[in-house]
Amino acid sequence: MSADASGTVKRRRHSCVMERVLKHKYTVGETVYFTASNVARPAASGTYEVIRLLPTDGDDCQYRIKNSTEAFERVAKESQLAMS
């Protein structure tokens, strides 16, 4: 609280936003096993390398991953990955 020149007490409003900080389980360069979702092609499941850590999506960390046999990278949620 603070007082202005007239002696009126003013309350300062503080907005405290609590955010749950999620830590990525895997690191860049690590090899992981990707399990494709039901919507994705089953052939997409397999061993991938973590290329980049991405921001979270709700309660799930995200990663950019790459399979050596594919010419493109994928985005995967941590819940779709396992230690290889």
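The values are calculated or read from the model by the stated rules, or taken from the named source; none is laboratory data. Keep in mind that what you see is a predicted model, and the values were worked out from it rather than measured. Because the Cβ atoms are built from the backbone with ideal geometry, glycine has one as well, and the counts that use them run over all protein chains shown.
Filtered by the rule that a residue be in a strand (DSSP E or B) and either modelled with pLDDT of 95 or more or under 13 Å from the mean Cα position of the chain (by Cα) (or both), segment 46-58 gives T47, Y48, E49, V50, I51, R52, L53, L54, P55, T56, D57. Selection over segment 62-84 of residues that are of a type outside the set (D, E, K, R) and part of a strand (DSSP E or B) gives a count of 8.
Can you tell me which residues in segment 46-58 are on the phi > 0 side of the Ramachandran plot and surrounded by 13 or more Cβ atoms within 10 Å (Cβ to Cβ)? First the steps, then the outcome.
Filtering segment 46-58 down to residues on the phi > 0 side of the Ramachandran plot leaves 46, 58.
If the condition is that a residue be on the phi > 0 side of the Ramachandran plot and surrounded by 13 or more Cβ atoms within 10 Å (Cβ to Cβ), then G46 is the only one that fits.
Listed here are the residues, each with its yes/no results for (1) polar (S, T, N, Q); (2) at negative phi; (3) surrounded by 12 or more Cβ atoms within 10 Å (Cβ to Cβ); (4) at pLDDT 90 or above.
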{"site": "C16", "(1), (2), (3), (4)": "no, yes, no, no"}
{"site": "V21", "(1), (2), (3), (4)": "no, yes, no, no"}
{"site": "G29", "(1), (2), (3), (4)": "no, no, no, yes"}
{"site": "T35", "(1), (2), (3), (4)": "yes, yes, yes, yes"}
{"site": "R41", "(1), (2), (3), (4)": "no, yes, no, no"}
{"site": "A44", "(1), (2), (3), (4)": "no, yes, yes, no"}
{"site": "D60", "(1), (2), (3), (4)": "no, yes, yes, yes"}
{"site": "F72", "(1), (2), (3), (4)": "no, yes, no, yes"}
